[in-house]
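Enquirer: Pasting a structure below so you can have a look.
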Amino acid sequence: MDKAIVRSALFVPATRPERISKALESGADAVIVDLEDAVAEHLKVEARDNLDAFLDANPKARVLVRINAPQHEQQAADLALCRRHPGVVAVLLPKAESAGHVEQAVACGKPVWPIIESAKGLLELPAIAQVKGVERLSFGALDLGLDLGLISGTAASQRMLDQARYAILLHSTLARLAPPLDSVFPDIKNPDGMTCMAADARDMGFGGLLCIHPSQVALIHAAFMPRPEELEWAQRVLAAVASGNGVFVVDGQMVDAPVIEHARRVLRRAGLLSA
């Protein structure tokens, strides 16, 4: 998994361990085994035991784990499991609301992806993003909207949530983190809506999205793939750079350092240039 390019991060519940292998074969850039929201309270220990057994049986598997939230009685055991298994490549920390919450998760020795999903988490975002060990930020629109009292699905609520997205992108950039991931799109039977949300996330500068069903993976990847004309332009720009000319023009536009970096990002999104 390329840390710089995660377009899709697919959740799979630890209560269904037979689905973990299927998720790993789905084409998603990252697979997140969920010990939190997708697991009922009385199944928390069983879910963790399922993941433990899966990782023991599949030592080459690489997954992320969404642990339980700070102050949850199961979080310490979740972190111990993550520390123990090399197959756990990062930890998703739900309901991150302070630098202290994040530092507690970082202590397990894995990169941490805090999920911002409350008003307090949004307020503490500058400190959260700067904690050493944070790799990228993520966003839980449903929980944040509930905490703020927004009316879900309305244009007005989206305007409010877009301000949170701006803050997440801003502090990701300031802290030099990997591009953040947008929230899940819950309607798995609405591919047009999924595509629209993915395109918006792309245009807003997000690296990708969290997702909840394998059918969403291809839609997200297609939305993040540059258009053919974008690819051709980027290739012409970098070909001109390679020619060694100082200042040059491509398609009537003078090319300088920001334009060259944009061309590189286009090719990286297409998987044609390493990060």
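The values are calculated or read from the model by the stated rules, or taken from the named source; none is laboratory data. Only a predicted model underlies this, so the values are computations on that prediction, with no experimental measurement involved. Positions of Cβ are generated from backbone atoms using ideal geometry, with glycine treated the same way; all protein chains shown enter the neighbour counts.
Enquirer: Scan (1) farther than 15 Å from Ala30 by Cα; (2) not in a loop (DSSP other than H, G, I, E, B) for the single condition Ala69 breaks and write down its number.
Expert: Result: Ala69 fails condition (2) only.
Enquirer: Need pairs with beta-carbon distance below 7 Å; first residue in contact (Cβ under 8 Å) with a residue 12 or more places away in the chain and within region 13-33, second assigned to a loop (DSSP other than H, G, I, E, B) and buried (at least 21 other Cβ atoms within 10 Å of the Cβ); sequence gap 6+ or separate chains.
Expert: Pro13/Val39; Ala14/Leu35; Ala14/Val39; Thr15/Val39; Asp29/Val6; Asp29/Arg7; Ala30/Val6; Val33/Ala14
Enquirer: Of (1) at pLDDT 90 or above; (2) surrounded by fewer than 18 Cβ atoms within 10 Å (Cβ to Cβ); (3) closer than 25 Å to Leu125 by Cβ, Ser172 satisfies all except one. Which?
Expert: (2)
Enquirer: Still on this structure: Kindly list, by first and then second residue, each pair from a residue in region 160-177 that is polar (S, T, N, Q) to a residue that is buried (at least 17 other Cβ atoms within 10 Å of the Cβ) and modelled with pLDDT of 95 or more, limited to pairs with Cβ atoms under 7 Å and residues at least 6 apart or on different chains.
Expert: Ser172/Ala129; Ser172/Arg136; Ser172/Leu137; Ser172/Pro179; Ser172/Pro180
Enquirer: Do we have Ala119 as over 13 Å from Arg136 (Cβ atoms) and not polar (S, T, N, Q) here?
Expert: Yes: the conditions hold for Ala119.
Enquirer: What is the residue count in region 24-63 for residues that are touching a strand residue (DSSP E or B) at 6+ places or on another chain (Cβ under 8 Å), among the aliphatic types (A, V, I, L, M) and more than 14 Å from Gly87 (Cβ to Cβ)?
Expert: The total comes to 5.
Enquirer: Under 21 Å from the mean Cα position of the chain (by Cα), part of a loop (DSSP other than H, G, I, E, B) and surrounded by 24 or more Cβ atoms within 10 Å (Cβ to Cβ) - does that describe any residue in region 87-94?
Expert: Within region 87-94 (the criterion being under 21 Å from the mean Cα position of the chain (by Cα), part of a loop (DSSP other than H, G, I, E, B) and surrounded by 24 or more Cβ atoms within 10 Å (Cβ to Cβ)), the answer is yes, since at least one residue qualifies.
Enquirer: Let me ask you something else. Please indicate, with yes or no, whether at least one residue in region 33-47 is crowded, with 22+ Cβ neighbours inside 10 Å, modelled with pLDDT of 95 or more, under 17 Å from the mean Cα position of the chain (by Cα) and not in a loop (DSSP other than H, G, I, E, B).
Expert: yes
Enquirer: Filter region 95-120 down to residues that are among the charged types (D, E, K, R) and in a loop (DSSP other than H, G, I, E, B), then give me how many there are.
Expert: Number of matching residues: 4.
Enquirer: Right, next: Please count how many residues of region 64-74 are in contact with a strand residue (DSSP E or B) (Cβ under 9 Å, 6 or more places away or on another chain) and surrounded by fewer than 22 Cβ atoms within 10 Å (Cβ to Cβ).
Expert: Residues that pass the stated criteria total 2.
Enquirer: Another question, if that's okay. Look through Asp147, Asp78, Asp162 and report the one residue that is at pLDDT 95 or above, in a helix (DSSP H, G or I) and touching a strand residue (DSSP E or B) at 6+ places or on another chain (Cβ under 8 Å).
Expert: Asp78
Enquirer: Another question about this same structure. Could you check region 202-264 for strands (runs of 3 or more DSSP E) lying wholly inside it with 3 or more residues that are in contact (Cβ under 8 Å) with a residue 40 or more places away in the chain and of a type outside the set (Lys, Arg)?
Expert: So the answer is 208-211.
Enquirer: Could you list, in sequence order, the residues of region 155-169 that are more than 11 Å from Ala141 (Cβ to Cβ) and loosely packed, with under 15 Cβ neighbours inside 10 Å?
Expert: Those that are more than 11 Å from Ala141 (Cβ to Cβ) and loosely packed, with under 15 Cβ neighbours inside 10 Å: Ala155, Ala156, Arg159, Gln163, Tyr166.
Enquirer: Please verify whether region 179-200 includes one or more residues that are free of Cβ contacts under 8 Å to residues at least 40 places away in the same chain, assigned to a helix (DSSP H, G or I) and closer than 24 Å to Arg62 by Cβ.
Expert: Taking every residue of region 179-200 in turn, at least one turns out to be free of Cβ contacts under 8 Å to residues at least 40 places away in the same chain, assigned to a helix (DSSP H, G or I) and closer than 24 Å to Arg62 by Cβ.
Enquirer: Further, regarding this structure: I need the full set of residues from region 49-63 which are part of a helix (DSSP H, G or I), crowded, with 19+ Cβ neighbours inside 10 Å and of a type outside the set (S, T, N, Q), in order please.
Expert: If the condition is that a residue be part of a helix (DSSP H, G or I), crowded, with 19+ Cβ neighbours inside 10 Å and of a type outside the set (S, T, N, Q), then Leu51, Phe54, Leu55 are the ones that fit.
Enquirer: So for region 215-237 (the condition being β-branched (Val, Ile, Thr) and over 19 Å from Phe139 (Cβ atoms)), does at least one residue qualify?
Expert: yes
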